Amino acid sequence: MTKLSALCVYCGSSGRVRESHLSAAQRLGRLAAESGVDIVFGGGRVGLMGAVAEGALAAGGRVVAIIPHHLEALEVGLRNASEYLVVDSMHSRKQLMAERADAFCALPGGLGTLDETFEIITWRQLKLHDKPILLVNIDGYWDPLLRLIDHQIEEGYLRGPTDGLFQVVDSVEEVLEAAAKAPSPAIPDKIEQM
């Protein structure tokens with residue numbers, strides 16, 4: 001069992017997306033707050049990022065926003081977060097998000113979400129951490145990615161199956177329980193930068 005006090009959420013910053021994705025992000029924030037779980041996220045106030053943070057804040061939860069300086073300068077940061085941390089680079093942001101979280105989940109998103117998700121999965125594959133990782137497959141969003149991973153296994157690029165690297169859940173309502181039921185982590189004191 002994993003002691004879950006902080007969940008890192010990777011997700012899109014676009015607002016031009018399905019309403020079901022935005023409402024799911026807001027529900028995840030609310031569910032985390034109601035369970036006493038902090039949200040750690042990329043610091044944006046727009047799209048799913050903003051929805052998950054606002055859902056948590058509206059329910060009295062704690063939100064840790066970690067944003068790189070170049071994005072903060074564009075004034076897209078959620079400055080009313082419980083903690084608002086401005087870092088010097090995308091690499092620093094990902095490192096600090098990983099250090100501050102007990103588990104990770106990926107909601108729908110774009111290239112940035114893929115980058116963050118694949119990096120944290122790769123770090124787990126390389127045994128740099130053993131924290132739970134969940135793909136939240138809202139409306140089947142991650143199905144094409146899961147087919148690609150199956151293809152990578154078939155082609156010999158992954159030593160399949162990928163069991164244990166990450167879990168797939170279909171709804172945000174499953175996230176906290178799935179993360180908590182994951183095996184207890186045996187992580188190093190600090191995740192090493194790749």
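Looking across segment 88-104, just one residue is closer than 18 Å to Gly12 by Cβ and open to solvent by 40 Å² or more (accessible area, probe 1.4 Å), and that is Met90.
Yes or no, residue by residue, for (1) among the hydrophobic types (A, V, I, L, M, F, W, C); (2) closer than 15 Å to Phe104 by Cα; (3) open to solvent by 30 Å² or more (accessible area, probe 1.4 Å); (4) in contact with a Leu (Cβ under 7 Å, 6 or more places away or on another chain):
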residue: Leu134; (1), (2), (3), (4): yes, yes, no, no
residue: Asn137; (1), (2), (3), (4): no, yes, no, no
residue: Val169; (1), (2), (3), (4): yes, yes, no, yes
residue: Ala178; (1), (2), (3), (4): yes, yes, no, yes
residue: Lys181; (1), (2), (3), (4): no, yes, yes, no
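Taking segment 1-87 and the strands (runs of 3 or more DSSP E) fully enclosed by it, the elements with 2 or more residues that are buried (at least 20 other Cβ atoms within 10 Å of the Cβ) and modelled with pLDDT of 95 or more are at 6-10, 38-41, 63-68. Does segment 105-124 contain any residue that is open to solvent by less than 10 Å² (accessible area, probe 1.4 Å), within 18 Å of Gly42 (Cα to Cα) and in a strand (DSSP E or B)? Among the residues of segment 105-124, at least one is open to solvent by less than 10 Å² (accessible area, probe 1.4 Å), within 18 Å of Gly42 (Cα to Cα) and in a strand (DSSP E or B), which makes the answer yes. Anything in segment 129-180 that is of a type in the set (A, V, I, L, M), under 17 Å from the mean Cα position of the chain (by Cα) and not in a helix (DSSP H, G or I)? List them, or say none. Ile133, Leu134, Leu135, Val136, Leu165, Val168, Val169 - these are the residues of segment 129-180 that are of a type in the set (A, V, I, L, M), under 17 Å from the mean Cα position of the chain (by Cα) and not in a helix (DSSP H, G or I). Summed over segment 75-115, the residues that are under 21 Å from His21 (Cα atoms) and hydroxyl-bearing (Ser, Thr, Tyr) give a count of 1.
The values are calculated or read from the model by the stated rules, or taken from the named source; none is laboratory data. Because the structure is a prediction, the values reported are computed rather than measured. Glycine gets a Cβ as well: all are built from the backbone with ideal geometry, and neighbour counts include every protein chain shown. We work out accessible area using only protein heavy atoms, side chains counted, and drop any ligands, DNA or RNA first. Shrake-Rupley method; radii C 1.70, N 1.55, O 1.52, S 1.80 Å.
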